[in-house]
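The values are calculated or read from the model by the stated rules, or taken from the named source; none is laboratory data. Please read all numbers here as calculations on a predicted model, not as lab measurements. Here Cβ is always computed from backbone atoms with ideal geometry, including for glycine, and neighbour counts include all displayed protein chains.
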């Protein structure tokens, strides 16, 4: 596996934790106190940061800062779409498709020499 993929893989797993920390409590802890949801989310976010920090350190050696951010945003959108569909049972609308096309355009310009 090439060094260019390591930060992307770490960011993908980091985003899984991030998405659950930010939105998972809306399904699993909705009948609990907001303070419980905060502490559970913080606990999940620890694992997000444990992957995100090394991912960004590795990635910054290969990608420019703007490229690294664009990779992060594309991963975030992809993970969130999967989370919305499979975990929250929320349908993805055509607006997600339009937003994805815009992000691909942004990635094109960020990675273009």
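The single condition among (1) in contact (Cβ under 8 Å) with a residue 40 or more places away in the chain; (2) more than 14 Å from residue 72 (Cβ to Cβ); (3) part of a helix (DSSP H, G or I) that residue 36 does not satisfy is (1). Residues of region 72-92 that are at pLDDT 90 or above and more than 28 Å from residue 54 (Cβ to Cβ): 85, 88, 89, 90.
Could you tell me whether any residue of region 12-23 is surrounded by 15 or more Cβ atoms within 10 Å (Cβ to Cβ), touching a helix residue (DSSP H, G or I) at 6+ places or on another chain (Cβ under 6 Å) and within 28 Å of residue 113 (Cα to Cα)? So far as region 12-23 goes, yes, one or more of its residues are surrounded by 15 or more Cβ atoms within 10 Å (Cβ to Cβ), touching a helix residue (DSSP H, G or I) at 6+ places or on another chain (Cβ under 6 Å) and within 28 Å of residue 113 (Cα to Cα). Checking the stated criteria, residue 63 turns out to be surrounded by 13 or more Cβ atoms within 10 Å (Cβ to Cβ) and in a loop (DSSP other than H, G, I, E, B).
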